[in-house]
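Since the structure comes first, as structure tokens, the remarks are kept for the end.
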Amino acid sequence: MAQTREKCGDLMQWLGVDMFIQVLMHLDDPSDLVRLCAVSSSWRRFVIEHGICKQLCLRKFPGMCSNVDLIEVDNLIEPVGRISDCRRSWEWLKRNHRVYAFLARGLSPVVTKDCISEAICASSTDNYPEETIQNTLEAGDRVEDRASYWSSKGQANPDVPERLVYKLASKLCLVTEIHVQPFQAYFQYGFPIYSSKSVRFRLGHSKFPMELEDDIAIVTYGHRPRDDHFVWSYTSPEFPMAQESQLQKFKLPEPVLCIGGILQVELLGRAQRQEIDGLHYICLSHVQAAGQQLMKPFDVELTDSTGECSLEYTPETESSEAASASLRGRRIAASLLRSFVVRLLGRESRDQGDASHQASS
């Protein structure tokens, strides 16, 4: 081992710091960097001191740098404000290394448009459940033979805002875009489009992570969500919205790392007044969030309302899900085989019957 460390040291001295960093930056898989750190303590120290894992992570997920003000302490991610003055210490570098290693391996390299998993609540709903926020999870403005959209309650003041809250598919997501489609009332005279004048987005977490499911059940059935139920760690600029019935894409100034998995869509200003009652409404047919999700078996678990969360790696979950999927696949294959055999036997029986009939005639 001593000879290995000596050779590693000689290699770094021979290549020089800059060249050695360039060599390491050609690694594609973060797992290779972990294996490299296991070669010797000197290589591990070099990787940590020069933030190689961070550089690989930022190369894999450009734009994340200003959003990852996180430090891992005893398997916890904490807000940067809690860090002591020894920010540049060796312990801080090791923690930073572990956080970026977790993100580099855990975040999916593929940007998907299905980062929203559930609709939590709306600040108001006109006709529940026909015009519930749940309808905004469906693509398009029609499901079978009925209109599919969410509608706010009518307001005489067009400046009254509305807020929709969603749960993301992962408690840790790198969100890049939000897509919103206003609803066009094709069943009303003039086919009005009930869009807002502008939109703003917030990302954060619930103050009550263990009680979130209960809160969802309560607010879904008509109660207004309380703003103090959530902590917003990011607020986007205000984007103008066109009064058009199409999926409008709003790209965030830079990718935002959302820890906690809660998205708020804030609709500002009401562009359309309904002729029947003279009130202003906002109606949406679809909402999407695009970004990169945390892949299984990686996960984070919120530990309190301040934003602390524990890093989790549970490969047995992935194995059990793979086993379940394999079992389902075998059952489907067996069912298809049985159906094929039944059809084949039925066909043979019919052929034999026809042959017997021809012989008798």
Problem - Top-ranked residue of the stretch 24-43 - restricted to ones that are in contact with a Leu (Cβ under 8 Å, 6 or more places away or on another chain) and in a helix (DSSP H, G or I), ranked as farthest from Leu11 (Cα to Cα) - result: Pro30
Exercise for the section: From the list Ser108, Ser170, pick out the single residue that is buried (at least 20 other Cβ atoms within 10 Å of the Cβ) and either in contact with a strand residue (DSSP E or B) (Cβ under 6 Å, 6 or more places away or on another chain) or closer than 29 Å to Ser310 by Cβ (or both). Expected result: Ser170
Handout entry: Any chance Val256 is crowded, with 18+ Cβ neighbours inside 10 Å and in contact with a Phe, Trp or Tyr (Cβ under 6 Å, 6 or more places away or on another chain)
Key = yes
Practice task
State whether one or more residues within the stretch 162-180 are more than 25 Å from Lys296 (Cβ to Cβ), among the polar types (S, T, N, Q) and outside any strand (DSSP E or B).
Solution key: no
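This table checks each residue for (1) under 26 Å from the mean Cα position of the chain (by Cα); (2) farther than 30 Å from Gly278 by Cβ.
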site	(1), (2)
Trp90	no, yes
Val110	yes, yes
Cys115	yes, yes
Ala119	yes, no
Asp126	no, no
Thr136	yes, no
Ala139	yes, yes
Val143	yes, no
Gln155	no, no
Exercise for the section: Scan the stretch 258-276 and report the pairs whose first residue is more than 14 Å from Thr176 (Cα to Cα) and in the same structural domain as Ser233 (by TED's automatic domain parsing) and whose second residue is surrounded by fewer than 19 Cβ atoms within 10 Å (Cβ to Cβ) and among the acidic types (Asp, Glu), with Cβ atoms within less than 9 Å and a gap of 6+ or a chain change. Expected result: Glu266/Glu238; Leu268/Asp159; Leu268/Glu238; Gly269/Asp159; Arg270/Asp159
Practice task
Output the residue which, of all residues in the stretch 254-307 that are of a type in the set (Val, Ile, Thr) and within 16 Å of the chain's Cα centre (by Cα), is modelled with the lowest pLDDT.
Solution key: Val300
Completion exercise
Of Asn127, Asn157, the only residue that is in the same structural domain as Arg270 (by TED's automatic domain parsing), assigned to a loop (DSSP other than H, G, I, E, B) and at pLDDT 95 or above is Asn157
Fill in the blank from the handout: When every residue in the stretch 35-71 that is modelled with pLDDT of 85 or more and touching a Cys at 6+ places or on another chain (Cβ under 6 Å) is compared, the one surrounded by the fewest Cβ atoms within 10 Å (Cβ to Cβ) is Arg44
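The values are calculated or read from the model by the stated rules, or taken from the named source; none is laboratory data. Quantities reported herein were computed from a predicted structural model and do not represent experimental measurements. FYI the Cβ positions are ideal-geometry reconstructions off the backbone, even for glycines, and counts take in every protein chain you see.
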